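**Q** Quick one: this structure, given as structure tokens, is what I'll be asking you about.
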Amino acid sequence: MPGSPRGGAALGGDAPREACGVFGVWGHPDAARLTYYGLYALQHRGQESAGIVASDGERVSFHRGMGLVSEVFDDERIAGLPGSIAIGHVRYSTTGASRLANAQPIVVRYRGGTLALAHNGNLVNAAALRSTLEDEGSIFQTTVDSEVIAHIVARSRRDRLEEALPEALRQVRGGYALVVMNRDTLLAARDPNGFRPLSLGRYPDGAWVVASETCAFDSTGAEFVREVQPGEMVVVDAAGLRSTQAVRPGKPALCVFEYIYFARPDSNLEGRNVHAVRKALGARLARDFPVEADIVTGVPDSSVSAASGYAEAAGIPLEMGLVKNRYIGRTFIQPSASARDFGVRLKLNALRKVIEGKRVVLVDDSIVRGTTSKRIVNLLRQAGAAEVHMRISSPPYRHPCYYGIDTSAEGELIAARMSVEEIREAVGADSLAYLSTRALHETVTGLPDWPVAERCCMACFTGHYYVPVDGARGKYALEETPPPDRAGPADGPRRAAGRGGRCRW
Ligand code: SF4
């Protein structure tokens, strides 16, 4: 997807962004180091902050900081997190400002001891819950929705965390993949619809691991065991692993955007490899929207799988028509509006030798605001493309997400305002086609029964929200004055690498 921190190299911010990755280990002598490696594998899910909490059974230590995993942690910091239990988090802020106080895991002390919590997702009733808790005396440390879970746990009359956590989970609504720990126990839970992914794995020495994506198991040498089921809570402690249905499961609604864009291609979701699904989406697109062309190219990196599927199904050569600069970091200064095309060229370039004189099929995974698509089409034309035919491996993106993905406001979504033909004209393509909602559902689930039965969340395409979003459509947002560490450009160097906080309890 163009414009993401991962996909199109931040080409103007024209994209939904991932909303965090979580990782947890129980029973490994170097749990923090494993978590560090696991967070590296999940870095695509969030680049704003990273944190690890570890316990040696007596003391709980943690470190969090702003920036990439490589910026926040080094050998010394990992060595300062001893123990065989650890959880970690990489964050892209969907609720609450991007600042250190909002970095996760959240760590709190309460009468039951120390509790640490890492959350991927978005709670649609967090604002109401927070307001009630504050009325009753709770003092919040952050502006993130996840903190309400910690407060509800802390107020529970249940002594054991594995009894208190389900109480909290029965009160929150929305999307969550959670890893939680105290001094001796690791817990993992998933919301009743399973919006966000969460898998369980095991190391050869018997240690247990949970992660947002299975690519983190491959990277750390763990074997995939199974997915944490919607509404399920898994508990691991000295007595072993046990599972309870913490919340009654709802309709299965894994985020379809995980397949389209968010998850890494080497991850598996619900038993299906993400690259293979993207390739199948591209192939379906080729069958449904064929076009006479000389080459197929994908917007790197996230659309390459779909482009290869399109090319294979259409019998048109797949070419590397666009080259991405992989070294544009978070601190890249966004160009002024007048110099935007220059900025795009720095991040993405068209290969003239490949493009010149060719009728090009340009495959992308989505169009959000349309600004980046227009620039990419323009790049191809300037490189001499005879024709540019855009094919999008998802339906028109018309509605915001409330379950854990940061999207533009509805008014900024180009497909909410324009017809496909108007979008084609706006981005300057010779033709434009989107995958239909039915084709997307059939390809991802292998089931032909949409819309009678929907087996994954597709609310940003259909507007059909599984969990009702109240008030301001459920977005949990607190007004706050930007703290000093956010003064200046949002991604500027002042929000410096390695700034962090560490503690031991
Ligand atoms: S609304 Fe869209 S991005 Fe959000 S969970 Fe549903 S499918 Fe995913």
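The values are calculated or read from the model by the stated rules, or taken from the named source; none is laboratory data. Owing to the predicted nature of the structure, the values given are computational and were not obtained by experimental measurement. Every residue, glycine as well, gets a Cβ built from its backbone with ideal geometry; the counts of neighbours run over all protein chains shown. The area values use the complete protein model at the heavy-atom level, side chains included, leaving out ligands, DNA and RNA. Shrake-Rupley method; radii C 1.70, N 1.55, O 1.52, S 1.80 Å.
**Q** Select, from VAL60, VAL53, VAL69, the only residue that is in contact with a Pro (Cβ under 9 Å, 6 or more places away or on another chain) and open to solvent by less than 10 Å² (accessible area, probe 1.4 Å).
**A** None of the other options fit; the residue is VAL53.
**Q** Test GLY83 against the stated conditions and say whether it is surrounded by fewer than 24 Cβ atoms within 10 Å (Cβ to Cβ) and farther than 30 Å from VAL124 by Cβ.
**A** The answer is yes for GLY83.
Per-residue answers, yes or no, for (1) under 19 Å from the mean Cα position of the chain (by Cα); (2) free of Cβ contacts under 8 Å to residues at least 40 places away in the same chain; (3) farther than 24 Å from TYR37 by Cβ; (4) not assigned by TED's automatic domain parsing to the domain that holds GLY67:
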{"residue": "PRO105", "(1), (2), (3), (4)": "yes, no, no, no"}
{"residue": "ARG109", "(1), (2), (3), (4)": "no, no, yes, no"}
{"residue": "LEU123", "(1), (2), (3), (4)": "yes, no, yes, no"}
{"residue": "ALA128", "(1), (2), (3), (4)": "no, no, yes, no"}
{"residue": "SER131", "(1), (2), (3), (4)": "no, yes, yes, no"}
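**Q** Would you mind finding the one in VAL296, VAL291, VAL323 that is assigned to a loop (DSSP other than H, G, I, E, B) and more than 16 Å from the ligand (Cβ to nearest atom)?
**A** VAL291
**Q** Please list, ordered by residue number, the strands (runs of 3 or more DSSP E) wholly in region 162-236 having 1 or more residues that are buried (at least 23 other Cβ atoms within 10 Å of the Cβ) and within 16 Å of the ligand (Cβ to nearest atom).
**A** By residue number, 174-181, 186-190.
**Q** Something else: Kindly indicate whether ARG248 is at pLDDT 95 or above, out of contact with any Lys or Arg (no Cβ under 8 Å at 6 or more places or on another chain), away from the ligand (no atom under 16 Å from the Cβ) and part of a loop (DSSP other than H, G, I, E, B).
**A** yes
**Q** Mind checking which residues of region 399-417 are in a loop (DSSP other than H, G, I, E, B) and touching a residue at least 12 places away in the same chain (Cβ under 8 Å)?
**A** The answer is HIS399, PRO400, CYS401, TYR402, TYR403, GLY404, ILE405, THR407, SER408, LEU413.
**Q** Can you tell me which residues in region 8-38 are at pLDDT 95 or above and under 13 Å from the mean Cα position of the chain (by Cα)?
**A** Selection gives GLY21, VAL22.
**Q** So how many residues does region 377-395 have that are within 23 Å of ARG284 (Cα to Cα) and either surrounded by fewer than 17 Cβ atoms within 10 Å (Cβ to Cβ) or among the aliphatic types (A, V, I, L, M) (or both)?
**A** Residues that pass the stated criteria total 4.
**Q** Of all residues in region 444-459, which are open to solvent by 20 Å² or more (accessible area, probe 1.4 Å) and closer than 22 Å to ALA306 by Cβ?
**A** THR445, GLY446, LEU447, PRO448, TRP450, ARG455
**Q** Residues of region 125-139 being surrounded by fewer than 24 Cβ atoms within 10 Å (Cβ to Cβ) and under 15 Å from VAL172 (Cβ atoms), which ones?
**A** ASN125, ALA127, ALA128, LEU129, ARG130, SER131, THR132, LEU133, SER138, listed by residue number.
**Q** What's the number of the condition PHE262 fails, among (1) over 14 Å from the mean Cα position of the chain (by Cα); (2) closer than 28 Å to SER305 by Cβ?
**A** Of the numbered conditions (1) over 14 Å from the mean Cα position of the chain (by Cα); (2) closer than 28 Å to SER305 by Cβ, the odd one out for PHE262 is (1).
**Q** Do we have TYR259 as within 16 Å of the ligand (Cβ to nearest atom), at pLDDT 95 or above and assigned to a helix (DSSP H, G or I) here? Give the derivation first.
**A** Working: within 16 Å of the ligand (Cβ to nearest atom): yes; at pLDDT 95 or above: yes; assigned to a helix (DSSP H, G or I): yes.
The answer is yes for TYR259.
**Q** Can you tell me which residues in region 262-288 are surrounded by fewer than 21 Cβ atoms within 10 Å (Cβ to Cβ) and in a helix (DSSP H, G or I)?
**A** Those that are surrounded by fewer than 21 Cβ atoms within 10 Å (Cβ to Cβ) and in a helix (DSSP H, G or I): HIS275, ALA276, ALA283, ARG287, ASP288.
**Q** What are the residues in region 396-423 that are away from the ligand (no atom under 15 Å from the Cβ) and crowded, with 19+ Cβ neighbours inside 10 Å, if any?
**A** ILE414, ILE423
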